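The values are calculated or read from the model by the stated rules, or taken from the named source; none is laboratory data. Please read all numbers here as calculations on a predicted model, not as lab measurements. Every residue, glycine among them, receives a Cβ derived from its backbone with ideal geometry; neighbour counts consider all protein chains shown. Keep in mind that these areas ignore ligands, DNA and RNA; they rest on the heavy atoms of the full protein, side chains included. Shrake-Rupley method; radii C 1.70, N 1.55, O 1.52, S 1.80 Å.
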Amino acid sequence: MMKQGLLFLSESHMARAVVTHAPFARWAARRFVAGEEIGDAIAAARELNAQGMTVSLDYLGESVSSREEATAAADTYIRIIDTMVAEGIDGNVSLKLTQMGQDIDEEFLDTNVRRVLDRAKHHGMFVRFDMESSDYVQKTLDFFERVREEGYDNCGVVLQSYLYRTHDDAKWASDRRAGVRLCKGAYAEPESVAFPNKADVDANYVRVMKLLLERGTYPGIATHDEAMIEATKAFARERGIDPSRFEFQMLYGIRRDLQKQIVDEGWRLRIYIGFGKAWYPYFMRRLAERPANVMFLASNVFREAFR
Ligand SMILES: Cc1cc2nc3c(=O)[nH]c(=O)nc-3n(C[C@H](O)[C@H](O)[C@H](O)COP(=O)(O)OP(=O)(O)OC[C@H]3O[C@@H](n4cnc5c(N)ncnc54)[C@H](O)[C@@H]3O)c2cc1C
């Protein structure tokens, strides 16, 4: 219930205005967001690299409706890639197609994403297309297939275990040797497309994880759920799958204890670092995943807003 409410608020302009101006919320968001500037993300990445973790940098932004904003986002990604290379950061980038103009027009989207893919390819860097709400899944997979056919082999997709379709999509991706990040899914989805119960989402996660580990191309197992992580380790050991054939992925600032443990045990781990001024929807989705801190945050935000 609270989860659905937070996901609803993540798309509300009014709530965005209140929360983004509340100093306490800005402070709280810093737990999940590395900062607002490229330099902040690079500093966080350098620290994580020193701890044996690779990174994926995400310049936060989504549902962009102006051409200027989408073009500027692509420019920023190009700057991020160049800066990562210049600073010797071991990592790649993740982007959302709606930030690059997916809601504007297909040709415009193509131009923006290709600019980013070209620059990344020039440096031998990988680009992950994040997955957004279910309305975008087919469009995102179609877009991915098109750019792959054009020769961009430096990109991959994300699949979400809460969707009924995901096991089939994982087979589709494996047949194309596509790199997949597997996550549970972070959006409010109707029962017509997604499992309503957590137990089913988790069971599907394990089922798809096994398929990707056996048949996929360097999958990213993205979760903070110890049960999912243990199931992955156990399956890899049982099938003799070498730890170099996949990686775990986690979000910046979440379960740092578990992040360290995974690396200490010799598994590969990539940390997804979100940064930028458009942190509000990303932050709200992180709150929705863990309602425990929400009452604390809400009472402080509204105290600040109305004092
Ligand atoms: C690297 C990465 C990339 C992702 N990319 C996408 C994407 O492209 N599209 C998409 O829809 N979703 C994406 N997600 C989000 C994902 O779908 C889930 O919403 C999120 O990871 C929470 O699910 P979980 O697997 O950690 O399991 P859960 O069952 O939600 O959580 C398991 C445990 O992890 C801890 N935990 C989880 N979330 C939090 C939090 N916010 N704060 C504190 N503790 C927490 C808690 O201890 C919790 O009990 C991504 C996640 C990761 C790790």
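Extension gain for the segment Asp175 to Val294, taken as residue separation times 0.36 nm less the Cα-Cα distance, is 38.7 nm to one decimal.
What aspartates and glutamates could a cross-link reach from Lys121, if we take a straight Cα to Cα line under 19 Å and drop same-chain neighbours fewer than 8 places away? By straight Cα distance, Lys121 reaches Asp58, Asp75, Asp82, Glu87, Asp90, Asp110, Asp130, Glu145, Glu149, Glu150, Asp153. Considering only C-alpha atoms, what is the centroid distance from region 122-171 to region 57-82, in Å? One Cα centre to the other: 18 Å. Annotation: lysines with alpha-carbon distance below 30 angstrom to Lys233 (same-chain offsets under eight excluded): Lys3, Lys96, Lys171, Lys184, Lys198, Lys210, Lys260.
Roughly to the nearest percent, how much of the accessible area of region 35-278 is carbon and sulfur, given a 1.4 Å probe? About 47 percent, which is the carbon plus sulfur part of the accessible surface.
Averaged per residue, the chain has 46 square angstrom of accessible surface, using a 1.4 angstrom probe with ligands and nucleic acids left out. Bridge orientation summary for the chain: considering DSSP beta bridges with both residues in this region, about 5 percent are antiparallel. Averaging the sequence gap over all C-alpha pairs within less than 8 Å and six or more residues apart, then dividing by the number of residues, gives the chain a relative contact order of 26 percent. Peptide packing for 224-230, 165-171 was compared via the average number of neighbouring C-beta atoms within 10 Å per residue; ordered from the highest value, the list is 165-171, 224-230.
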